[in-house]
1. Around residue A:16, what is the net charge, scoring Lys/Arg as +1 and Asp/Glu as -1 over all other residues with Cβ under 12 Å from its Cβ?
2. Residue B:245's amide H: which non-local residues (gap 5+, or another chain) put their own amide H closer than 5 Å, with H modeled 1.01 Å from N in plane and none for Pro or chain starts?
3. Over the stretch A:56-345, calculate the relative contact order: mean separation of alpha carbon pairs under 8 Å at least 6 apart, over the residue count, as a percent.
4. If you place +1 on the Cβ of every Lys and Arg, -1 on the Cβ of every Asp and Glu, and leave all else neutral, what size is the dipole of the stretch B:56-345 about its Cα centre, to the nearest 20 Debye?
5. Towards the positive end of the charge dipole of the stretch A:243-397, with charges on Cβ (+1 Lys, Arg; -1 Asp, Glu), say which of A:321, A:350, A:275 has the farthest Cα.
6. Give the long-range amide H neighbours of residue B:390: residues separated by 5 or more places, or on another chain, with amide H under 5 Å away, using H modelled in the peptide plane at 1.01 Å from N.
7. Take peptide A:322-331, look around each residue's Cβ out to 10 angstrom, count Cβ atoms belonging to other protein chains, and average those counts.
8. Can you work out the Karplus-derived ³J(HN,Hα) for every residue in the stretch A:227-241? Use 6.51 cos²θ - 1.76 cosθ + 1.60 with θ = phi - 60°, whole Hz, and x for glycine or proline.
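Please treat every number below as a calculation from the coordinates, not as lab data. On a predicted model such as this, the values are computed, not experimentally measured, just so you know. Glycine also receives a Cβ, built like all others from the backbone with ideal geometry; neighbour counts cover every protein chain displayed.
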There are 2 protein chains.
Amino acid sequence: MAAAEIILADVRLPDGEIGDLRIAGGRIAEIGDGLVPLTGDAARVEAAGALVLPGLVDGHMHLDKTSTGTPWMPHQAGPDRMSRIETERTLRSSLPPVAERAANLVRLCIAHGTTAIRSHADVGPDIGISHVEALLEVRQRFAECVDIQIVAFPQYGVLRAPGTADLLAAALDAGADLLGGIDPIGIDGDLNGQLEILFSLADKKNVGVDIHLHDTGANGLSEIDAVTGRARSLGMQGRVTVSHGFCLGAAPEPVVAGLADAMATAGVSLVTHGGGASPLPPVKLLRARGVVVFAGNDDVRDPWSPYGEGDMLERAMLIAWRSGFRTDADLQVALDCASGAGKQALGMPASAIAVGDPAALFTVPAETPADAVARHPKRRLVLKQGRVVARDGVYAL
Amino acid sequence: MAAAEIILADVRLPDGEIGDLRIAGGRIAEIGDGLVPLTGDAARVEAAGALVLPGLVDGHMHLDKTSTGTPWMPHQAGPDRMSRIETERTLRSSLPPVAERAANLVRLCIAHGTTAIRSHADVGPDIGISHVEALLEVRQRFAECVDIQIVAFPQYGVLRAPGTADLLAAALDAGADLLGGIDPIGIDGDLNGQLEILFSLADKKNVGVDIHLHDTGANGLSEIDAVTGRARSLGMQGRVTVSHGFCLGAAPEPVVAGLADAMATAGVSLVTHGGGASPLPPVKLLRARGVVVFAGNDDVRDPWSPYGEGDMLERAMLIAWRSGFRTDADLQVALDCASGAGKQALGMPASAIAVGDPAALFTVPAETPADAVARHPKRRLVLKQGRVVARDGVYAL
């Protein structure tokens with residue numbers, strides 16, 4: 001349901017000019033000075049000179065894992081991936097239902113200006129496709145505030161967890177949008193075994209693939225090469241994503257450049273959360289060679305990571321800071337990772353602050369887009385489908 | 001001037017209990033339930049269950065460099081240190097006076113819960129000791145809100161910029177607290193030449209030393225070794241700091257461990273801003289071997305870095321995230337870097353939230369200290385010398 005007309009008054013446009021936006025029919029209908037309502041039920045919303053930017057895209061979340069909204073839970077897992085998988089299994093039964101926790105985080109995401117999310121949802125023998133079903137429910141509930149893509153994610157491996165391949169197919173039939181995967185070598189010990197199952201299923205069901213690759217060194221590089229090769233041979237241009245790809249942050253530049261060229265040719269994108277203690281793939285090098293690099297918060301307050309509140313402007317800052325970005329142009333690269341490039345990778349139409357664009361946008365008390373990244377102040381207003389969905393950092397519906 | 005009595009009601013103490021604090025004479029006079037004023041002019045301030053923590057310590061700033069409070073200025077320097085030095089020199093004349101810009105940033109620091117700062121102030125042939133004098137003025141102006149240490153910092157080198165040694169001595173005579181230095185090899189091309197000048201002056205004037213070491217690899221390691229050796233031989237235990245020490249983030253563990261042991265023995269501390277794109281020294285390893293590791297924001301919106309608003313809880317998060325910290329104990333290590341360890345390195349008495357401790361503290365809507373780091377929400381109240389100096393993220397005096 002698109003809202004009635006809104007005059008968003010005194011916004012700072014991305015080019016620095018101050019003006020008004022007329023929002024109507026869920027879109028930016030007019031940009032100008034001193035705009036007056038054309039309809040009787042129009043609302044005038046003061047932006048007080050705050051910068052307006054297109055809605056943010058969180059390209060990699062785990063909405064089903066978060067404990068957002070529940071009492072603080074100290075991190076309990078050991079230092080490796082397998083211990084976190086096991087700890088998560090143990091803790092799960094003591095937490096509120098997936099849909100409740102996911103909704104708590106979705107509200108925070110919206111409050112921070114996110115208008116599109118790609119979330120993985122665990123699929124596996126113990127939980128079946130229940131997490132996918134929970135996120136489908138959450139997607140429906142917040143359909144007017146945020147676009148949610150769901151990736152059926154085999155957290156426990158595909159070959160290593162018998163029955164998972166059938167569950168992935170069932171998750172897609174239930175409504176998941178993409179097929180996930182995880183470290184074919186590190187988890188399943190069979191690079192081509194896992195990829196054959198995933199890509200043949202994706203091809204059969206006509207869905208994209210978004211595969212977690214944490215494996216380091218030669219294993220990680222051979223996984224990216226193999227994923228890219230399958231994307232190319234199946235003609236899946238623009239529909240395959242490598243999540244993390246930490247190995248690209250530690251490999252020699254010529255190796256990364258070669259893989260980047262292959263990824264660009266095959267239309268394979270990369271999503272990053274900035275690395276933290278892991279090597280960060282070279283964002284600018286990858287983009288310069290044509291790879292769509294976008295950003296996601298990944299784990300938010302869950303058994304994998306204690307950090308964050310789902311803020312993609314803060315995430316853009318983290319990626320920029322880790323990348324040594326200082327110039328406005330570079331800070332805008334980081335912002336694009338959290339916005340335009342995310343839309344491209346998610347297959348959404350490009351949009352800016354221009355007449356005809358969807359009114360999926362936010363205001364922030366910053367002088368320029370670079371300033372918005374560098375300081376990432378609290379969002380003032382968030383609009384989606386032409387309605388105000390958050391105000392002063394709080395979900396408003 | 002310590003304020004009159006304050007009852008800070010319904011705070012969450014660091015151990016999780018809810019209680020009241022009686023603040024009187026600039027100190028925590030009592031902790032209990034349902035405390036009532038003992039004096040006629042007492043104020044009751046509601047904390048509404050927010051967590052109370054000791055004031056934060058920003059152990060490495062450049063207050064004189066910031067452009068906080070002036071219009072956004074895109075980063076203009078080239079990618080290396082020398083180009084930033086030259087760019088800064090060029091830009092300086094177009095900016096408001098040092099004291100004005102520094103005060104703008106100090107207000108933000110206070111608003112974020114910082115109650116003590118160590119700031120470097122450039123000293124050099126073109127500016128003389130004018131930046132030190134400006135920060136002395138700022139220190140005086142904010143004396144009731146924040147403790148400020150000033151380091152006379154030879155940004156352009158000591159040997160490389162003739163006359164600087166005399167200026168450093170003059171800066172100390174004018175009131176600077178410590179002597180700074182910078183990359184004796186990388187900037188001056190003479191390891192022992194710069195250190196001999198610095199340490200003999202520090203010894204003569206009976207002040208501490210805080211030296212910027214950005215040099216990488218063997219140069220950086222030999223600098224740390226030489227600084228540590230001089231600190232030990234001069235008996236400067238607890239009065240010498242290595243700023244950054246990026247080389248410790250890239251050296252083999254046995255090398256780092258050896259230097260850490262030497263630093264611990266000599267009482268040489270390390271301050272970090274978390275590294276960004278540079279290697280981060282191993283915080284836990286250094287601390288485990290007895291090195292005082294503390295934290296600072298370093299450059300805030302200046303010709304060196306576009307980031308930040310002087311928030312030391314966010315800085316603790318950055319250090320934790322870059323270090324791969326996840327457990328509550330580890331997140332508290334990062335918080336300690338921004339708080340207790342900072343006090344120790346600055347030679348301030350230890351303080352917590354206990355009867356008799358100085359009422360230099362803040363409240364934050366978080367459940368636990370670890371949560372405060374992970375989410376670093378806006379500070380609600382900041383008290384210094386028993387008075388409320390900031391409220392809801394805004395400087396209040």
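1. Around residue A:16, the surrounding residues sum to -4.
2. It is B:213, by chain and number.
3. Relative contact order of the stretch A:56-345: 20 percent.
4. Rounded to the nearest 20 debye, it is 380 debye.
5. The one lying farthest along the dipole's positive direction is A:350.
6. When sequence neighbours closer than 5 places are left aside, the close amide H contacts are B:382, B:396.
7. Across A:322-331, the average partner-chain Cβ count within 10 Å equals 5.
8. Each residue's phi maps through the Karplus curve to give 4, 5, x, 5, 4, 5, 5, 8, x, 9, 2, x, 10, 10, 10 Hz.
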